Amino acid sequence: MESFIIEGGHRLSGSITPQGAKNEALEVICATLLTEEPVRMSNIPDILDVNNLIQLLRDIGVKVTRHSRNDYTFQASGLNLDYLDSLEFVGKCASLRGSVLMIGPLLGRFGKATVAKPGGDKIGRRRLDTHFLGFKNLGAQFVRDEERDVYQIQAQRLKGAYMLLDEASVTGTANIIMAAVMAHGNTTIYNAACEPYIQQLCHLLNAMGASISGIGSNLLTIIGTPRLHGATHRVLPDMIEVGSFIGMAAMVGSGVRIKDVSLRNLGMIPDAFRRLGVKLKVEGDDIVIPHQSHYVIDSFIDGTIMTLADAPWPGLTPDLLSVLLVVATQARGSVLVHQKMFESRLFFVDKLIDMGAQIILCDPHRAVVVGQDHRITLRPGRMTSPDIRAGIALLIAAMSASGTSRIANIAQIDRGYQDIEQRLNKLGAKIQRVDD
């Protein structure tokens, strides 16, 4: 295992460009399983979760050509379907949450898939009911293999159907879309997730010959087609990384420019930071965050305490609440952070409390942050990253602390952030990667 040694108190300045979007990359890479023709993709982030998924595709017979670090071609023309039912494959899927996105395209193209409980962040229950109910609506049958603790999903031919999703699950919506594009007849998905990454998936599938309308809304209509072909695609900038950089610039920046952010696909993210009092300017498709001597948390019109809560798109993404919470520790004022979707994502705040942050953890979903307005500087500490987003939040806290901190289990951070210490060190940070 590796750790970060962070010397806090160094100001960041300069320009930084966000990587390609992790969540989109996982979806569109799996979509290449729907055709035997080559699909070329650029701006693929070189991060652990994506690299593990690419290797899993290689294992099942996908031809993967790496043109450059972030530019790949995938061709699923000779898959080893027997391997998909092997214990080795099931074991690999169980350690990688992104593997769940392979179910829809495998079911749609080949009429069968094996489902193991996927791995990923330990942030509470992440149920797959929405995926399963969607596949059942399309005519798939489930058989439980008790011995291996997996499900076999089969369908001679999927048939289009109307469905109202029980929740606007992003991965659930993506999986159902990929299963439905080759189904017989028309499929209507209501209460679909409509995040930019879902929109990107739909645009790619349409470029491959699918017929999807209603893109960007929560009502999608899909006309099934028997065959898809190759295409090219570019992955969006990662909105979570953009938000992470805004948070860093607010806490420890002396003028930071975040380049090529795809502003129209950031949704509520800039406004969420503005509610904490963070000043930022938009210049073209760049966001500039000047030095913040102070930032004052806003209040609602009636004077009540500001609340930041996650919600399905176009609401605030839950992946940034950890960063917003850390930024609030040095604001002037108080804010209630309400994490609705995952019951364990706020448990990392005990590390921040040990560093001197004034936080009251009300319950697994809510925390009140009393900002210190830089009167009390966070203390350095020894921490362990519990998941990707808490990991980056702890890194921001350590960068603002007075002294040297250590963060262990940084493989969690590597799952979502490409070369993070090298890129931040170019801005003036002092972060060293060491073997434990």
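In the chain, the calculated helix contribution to ellipticity at 222 nm averages -8500 deg cm²/dmol per residue, counting -39,500 (n - 2.57) for every DSSP H run with n ≥ 4.
Give me the dipole magnitude in Debye, nearest 20, for the chain about the Cα centre, with unit charges on the beta carbon: positive for Lys and Arg, negative for Asp and Glu. With Lys and Arg at +1 and Asp and Glu at -1, about 420 debye. Highest-first packing order for the peptide set 391-402, 338-349 is 391-402, 338-349, based on the mean count of other beta carbon atoms within 10 Å. If you model segment 163-276 as an ellipsoid using its alpha carbon gyration tensor, with each semi-axis the square root of five times an eigenvalue, the axes come out at 34, 16, 9 Å, biggest first. Helix 239-252 and the longest principal axis of the C-alpha atoms of the chain enclose an angle of approximately 10°. Accessible area per residue for the chain is 39 Å², calculated with a 1.4 Å probe on protein heavy atoms, without ligands, DNA or RNA. Its residues counted as N, segment 22-234 yields a C-alpha radius of gyration over 2.2 N^0.38 Å of 0.92. Note on the chain: Cα convex hull, mean projected area over all directions, 20.1 nm². In a reduced charge model with +1 at each Lys and Arg Cβ and -1 at each Asp and Glu Cβ, segment 22-234 shows a dipole moment near 180 debye about its Cα centre.
Do any of Lys22/Lys159; Lys279/Lys426; Lys22/Lys259; Lys22/Lys430; Lys92/Lys259 go past 27 Å between their Cα atoms, and which?
Lys22/Lys159; Lys92/Lys259
Note on Thr17 and Gln55: the model spin-label points, each 7 Å out from Cα along the C-beta direction, lie 2.7 nm apart. Charging the Cβ of each Asp and Glu at -1 and of each Lys and Arg at +1, and nothing else, the dipole of segment 299-424 about its Cα centre rounds to 260 debye. The listed peptides 247-260, 413-426, ordered by packing as a protection proxy, come out as 247-260, 413-426 (highest mean of other Cβ atoms within 10 Å first). For the listed peptides 166-176, 294-304, a ranking on the average number of other beta carbons within 10 Å per residue, highest first, reads 166-176, 294-304.
The values are calculated or read from the model by the stated rules, or taken from the named source; none is laboratory data. The structure presented is a predicted model; accordingly, all values stated were derived computationally and were not measured. Glycine also receives a Cβ, built like all others from the backbone with ideal geometry; neighbour counts cover every protein chain displayed. Side chains included, ligands, DNA and RNA excluded: accessible areas come from the protein's heavy atoms. Shrake-Rupley method; radii C 1.70, N 1.55, O 1.52, S 1.80 Å.
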